[in-house]
There are 2 protein chains.
Amino acid sequence: MSTEARPRTQRERRARTRAALLDATIDCLVDLGYSGTTVQEICRRAGLSRGAQQHHFTTKAELMAAAVEHLAGRLRDEVRGTLTAPQGPRRIGEAIDLLWRGFSGKLSTAALELWVAARTDEELRRSMLPVDRALGRSTLEIYREAAGADLPAERLETLYWLTVNVTRGLALDAMIGGDPARRAHLLDEWKAIATSVALEAGRPGPRSGRPAPWKDIPAPGL
Amino acid sequence: MSTEARPRTQRERRARTRAALLDATIDCLVDLGYSGTTVQEICRRAGLSRGAQQHHFTTKAELMAAAVEHLAGRLRDEVRGTLTAPQGPRRIGEAIDLLWRGFSGKLSTAALELWVAARTDEELRRSMLPVDRALGRSTLEIYREAAGADLPAERLETLYWLTVNVTRGLALDAMIGGDPARRAHLLDEWKAIATSVALEAGRPGPRSGRPAPWKDIPAPGL
DNA sequence: ATACATGCGTGCAGGACTGCATGTAAAGTA
DNA sequence: TACTTTACATGCAGTCCTGCACGCATGTAT
């Protein structure tokens, strides 16, 4: 029997229960959607009582806010975990695959539910914005390191955000029940396009001089 | 006083009430989100009673299903309405702008709410899938006509769906509260990329031979 | 060992929403 | 004009969810 069999110290108990609640929250979001997610069900899945939940997170909104950070952390781990620093000629395609995998899993589904809910929930949105922003930044950072000096920073950012948005759209399509084959095809096409764009170092911008680079990167997250 | 001041015939009354309810439903989806949308509020906004609603749509699910079709119709009108058949060298950029405008308005926001809700609501999803599929097809058709024979059909479809997905992602970003300047920048970049892709008639595919074209186009809609 | 703090369970009240049953007025029909 | 159908309103019941108060047990400090 491991030393983790049953938490004896308060700190351990606290951490375990909180984690159980937050994981259950994410599960609920994935399985039932935001509107179907109720504290009752969360507690049921976590194997805890309403009282326990209320002890740790007084209100439902508080629980959701905490779930946001928990989710961001797990997403970050997922991205970092799958990043195998692809190098070589096909590295861009691999990077896109990576982003796609990261943004089409269960965690991202939960994030989507939260974001859509946050649209009409001021409090939730305030909780999510900074967390999501930080996640976006750190993810971009990972790719920036992986790219090294091969790619101008600006070009990389453009491709990164375009890819993020394409994958977001494809993730939605997958949610909806779109054709997987079509998604795969589009992803392949996008890889080819992104690769060729990345390689054309001197490609002209939208019109003549390219617009000023945009600072202050906001939310990806999904 | 127009002849429409107060509907006298039953058929008219019916059509008016139904339209009022469905429009109110869409308004609610935009303002309150799916989880915040309640039949009570819908009736309040429509200026009708619960009884009236129930007379036309027995259950809430039925009302939502009808709202889906209503929404699709309005979206289709919107797309058709703004389509001014842009021709000339910059037509691709204009077309992308069009798609973006169509997919980032209020109606699309409502559609997004419905789609996200449909993910965990089998019944709603069954209602939405065919409607959305038809909408996607007809929209693509519009662009196919606009493009004429200038662009290979396959290339057009790829660009169309990629654009749809990019705009979907950007629409999400807008919802969330992302930076408008960044979205504008990304849209410009995408226009440039799409244009260059469209013009390079002989650009190689993902690898050597391009994959078989994918049939059976499913859902865009958002 | 005693007193306090923390983690957690149970029961209840208030509120909200959906669905139904009943009633009334207006439109259509013979 | 008398009768039927349709459109719409009102009231009520059942259900579900959230938040709170209280009670018990287990850690923790002195």
Residue among A:Ala117, A:Ala149 that is small (Gly, Ala, Ser) and either closer than 17 Å to B:Ile176 by Cβ or in a helix (DSSP H, G or I) (or both): A:Ala117
Taking B:Asp173 as meeting all but one of (1) modelled with pLDDT under 95; (2) open to solvent by 10 Å² or more (accessible area, probe 1.4 Å); (3) over 14 Å from the mean Cα position of the chain (by Cα), write down the number of the exception. (2)
Only one of these conditions is not met by B:Gly73: (1) away from DNA strand C (no atom under 15 Å from the Cβ); (2) within 20 Å of the chain's Cα centre (by Cα); (3) open to solvent by 30 Å² or more (accessible area, probe 1.4 Å). Which number is it? (3)
Scan of segment B:180-203 for residues that are facing chain A (nearest Cβ under 7 Å) and open to solvent by 40 Å² or more (accessible area, probe 1.4 Å), ordered by number: B:Ala181, B:Asp188
Would you point out the residue of segment B:43-54, among those that are more than 8 Å from DNA strand C (Cβ to nearest atom) and assigned to a helix (DSSP H, G or I), that is nearest to the other protein chains (Cβ to nearest Cβ)? B:Arg45
Take segment A:11-37 and flag every residue that is open to solvent by 40 Å² or more (accessible area, probe 1.4 Å) and more than 10 Å from chain B (Cβ to nearest Cβ). A:Arg11, A:Glu12, A:Arg13, A:Arg14, A:Ala15, A:Arg16, A:Arg18, A:Asp23, A:Asp27
Could you list, in sequence order, all residues of segment B:120-146 that are without any contact (Cβ under 8 Å) to a residue 12 or more places away in the chain, in a helix (DSSP H, G or I) and either among the acidic types (Asp, Glu) or at the interface with chain A (Cβ under 9 Å from one of its Cβ atoms) (or both)? B:Glu122, B:Arg125, B:Glu141, B:Glu145
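The values are calculated or read from the model by the stated rules, or taken from the named source; none is laboratory data. Please read these numbers as outputs of a predicted model, since none were measured by experiment. For neighbour counting, all protein chains shown are included, and Cβ atoms are generated from backbone atoms with ideal geometry for every residue, glycine included. Just the protein is used for accessible areas: all its heavy atoms, side chains included, with ligands, DNA and RNA removed. Shrake-Rupley method; radii C 1.70, N 1.55, O 1.52, S 1.80 Å.
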